[in-house]
Amino acid sequence: MKTQVSADRVAEIKVIKPQEFVPHAFNTQASLIHHSSYPIIMISPDVYRDILSIIPSAGEYNEIGWLCTVKELDNRKFLLDSTHMPPQIVGPGESTFTTEGLSRYFTDLILNNLAAANRMLFWGHLHPATFGTSPSDQDEKQMNFFNHNDYFIRGIFNRHGRAEFTFFDYQNNVRWDDVPWMIYYPVDTDQKRDAKWLKEVLVKVKTVVYRKRKFRGGRGQRPIVVISDPAVPSLGVQVGYFDSENPEGFVPREEMVWP
Ligand SMILES: [Zn+2]
């Protein structure tokens, strides 16, 4: 059924011209749908130790910078695996690699270790005096020099034990601020060690497997317990029971008092 609207009613409605929408100063932000996709910085124990040595060499106030090679591991992990110190000018407010020093350093490196030169994708520097690890304007500008790479990692360190890493994913036009870092301790397969521990476990550890059986006659319904490790048949089988007086105490068959 159609609703009739009278002409009077229509005339009553005030037509207000809407305010036009004006694009504001946008504060666009991206956030993760899956939290597992961010890069993680892994530091080899050697590189970590190098950094601990370099920092005191800068004295009490100065900055100092260095480069590291980066090896891509799986699952978005990026390993810093060697440390390099190109010539530079440092002071309490800067650590600048000289163009001449840097090009000479890289020319030598390309001749002697091309693979390393191609993997030099990390720039680290110590911030002056008691400063924090937030990037300065200069630190941000510096990153434009590296944007011909697929990615580049920046690490900023201070004298209070804080290290802050930013991952610049130039290929996808994304920067990841304050990404997690950790020291990388690879655990390799070690068959000798596996064998040593298996031997020790076989001798010292027995697994209890409960198999309740009816106790024929005698003193009640005590469960017979078979002790063995099904995964390791060579361990042998012990048959016995748990004493009802002392549930923790296993009585092997040899010591069992049969009815
Ligand atoms: Zn800085």
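Details
- Under a 5 Å amide H cut-off, with hydrogens placed 1.01 Å from N, TYR170 pairs with TYR151, PHE152 among residues at least 5 apart or on other chains.
- Looking at the range 1-67, the trypsin sites (Lys or Arg not before Pro) that sit in a DSSP loop and have at most 12 other Cβ atoms within 10 Å of their own Cβ are LYS2, LYS14.
- Shape category assigned to the range 36-183 from the gyration tensor of Cα positions, a/c cut at 1.5: rounded
- Here's the picture: a label point sits 7 Å out from the Cα of GLU60 along the beta-carbon direction, and within the range 82-98 the residues with their amide nitrogen under 15 Å of it are 92.
- Here the range 108-126 and the range 8-36 have alpha carbon centers that stand 51 Å from each other.
- A simple spin-label model places the labels of ILE183 and LEU114 3.6 nm from each other, with each point 7 Å out along Cα-to-Cβ.
- Amide H contacts of ASN62: ALA129, each under 5 Å away and 5 or more positions distant or on a separate chain (H built 1.01 Å from N in the peptide plane; Pro and chain starts excluded).
- The mean sequence separation of alpha-carbon pairs under 8 Å and at least six residues apart, normalised by the residue count of the range 36-183, gives a relative contact order of 25 percent.
- Residue exposure sequence - LYS71, LYS17, LYS196 - by fewest surrounding Cβ within 10 Å: LYS17, LYS196, LYS71
- Karplus 3J(HN,Hα) series, Hz, for the range 175-192 with 6.51 cos²θ - 1.76 cosθ + 1.60 (x for Gly, Pro): 10, 10, 8, 6, 6, x, 9, 7, 7, 9, 10, x, 10, 8, 5, 9, 5, 4
Any read-out appearing in this document is the output of simple, stated calculations on the displayed coordinates, not a laboratory observation. Keep in mind that what you see is a predicted model, and the values were worked out from it rather than measured. All Cβ positions, even for glycine, are placed from backbone atoms using ideal geometry, and neighbour counts span all protein chains on display.
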